[in-house]
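**Student:** Can you keep this structure in mind? I'll have questions shortly.
FYI, it's all coordinate maths here, none of it is from the lab. Computed from a prediction, not measured in an experiment: that's the story for all the values here. Here Cβ is always computed from backbone atoms with ideal geometry, including for glycine, and neighbour counts include all displayed protein chains.
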Amino acid sequence: MLAIGEFSRFTHLSVRTLRRYHDAGLLVPAEVDTATGYRYYSAEQIPTAQVIHRLRELDVPLADVREIVGSADPDDRASLVADHLGRLEAELDRTRAAVASLRRLLAPEPASLDVELRVVPAMTVAAVEDDVALDDVLGWYAGAMAELDAVVAEPVGAPGGLYDNALFEDGRGHLLVYRQATEPPHVGRVRPATLPAVELAVAVHRGAHDDIEVTYGELGTWVVDNALAVAGPVREVYLVGPRDTADASAWRTEIGWPVFRVGSPDPTDRTSHPV
């Protein structure tokens, strides 16, 4: 048996940490003297102590640490660790995206935004629409696009979406995603919908959507300075996205802000149909 001080030296864990692991039920000493309260450990507990320490360094929750250490099945332990590592990687991706967004926002001379004024005619599309909470948009979008892909046999052009202002202002609003089709079907949630004609200020967001709000802000600033914003859902067209390539740097998303031009159109402005 090893006294707690000796066990501490062998594991490079402080006596305070070992006591905390004991109190949390993570590493129970092999023996506790009932008279003195002294804790004693066996040499076989050294690897377990080191594993617990590594898991806690990775911020694995206490309940998961208990399950990992207490499991006799190596596959179960590996699966639990892999699940947590996946969560850490997702959090790291979010942190990197936030840092990239901050760098872009804090750049002393941000790159100018290429904005096109575009008249989009009314069109009938195959659509899925519903009222959606902002936090649920990604999951809802994935399901809706999967349905569209399944029933629209020969889509025309890139998919798109219309995002109601309330979605951003109130955290819940109307969302419509669509595929253009010669004859839009009516199957399940997919049904024909007519999108009204609209005039848009259009800019392209390049890369992943983690910092797309920066491009929204830049386009909004341009609209304030150059046109009259009007009520209506913002439109997005997914020229290249995760459904096309896993390389996020190659993604291209058109953002269309409804506007009303005052005065004669600039001859350099382009009028075109959506891609």
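**Student:** Suppose the Debye formula is applied to equal point scatterers at every Cα of the chain; what is log10 I(q)/I(0) at q = 0.07, 0.11, 0.13 Å⁻¹?
**Tutor:** These q points yield log10 I(q)/I(0) values of -0.46, -0.76, -0.91.
**Student:** Using only helices, what value at 222 nm comes out for the chain when you add -39,500 (n - 2.57) per DSSP H run of length 4 or more and divide by the total residues, to the nearest 500 deg cm²/dmol?
**Tutor:** -12500 deg cm²/dmol
**Student:** Tell me, what ³J(HN,Hα) does each residue in segment 33-47 have, in order and in whole Hz, if you take phi through Karplus 6.51 cos²θ - 1.76 cosθ + 1.60 with θ = phi - 60° and put x for Gly and Pro?
**Tutor:** Result, rounded to whole Hz: 5, 5, 7, 9, x, 5, 9, 10, 10, 9, 4, 5, 7, 4, x.
**Student:** Between Gln50 and Asp225, what is the spin-label point distance in nm, taking each point 7 Å from the Cα along the Cα→C-beta axis?
**Tutor:** Simple spin-label model gives 6.0 nm for this pair.
**Student:** In the calculated pair distance distribution of segment 1-110, what percentage of Cα-Cα distances lie above 26 Å?
**Tutor:** The proportion of pairs with Cα distances above 26 Å equals 38 percent.
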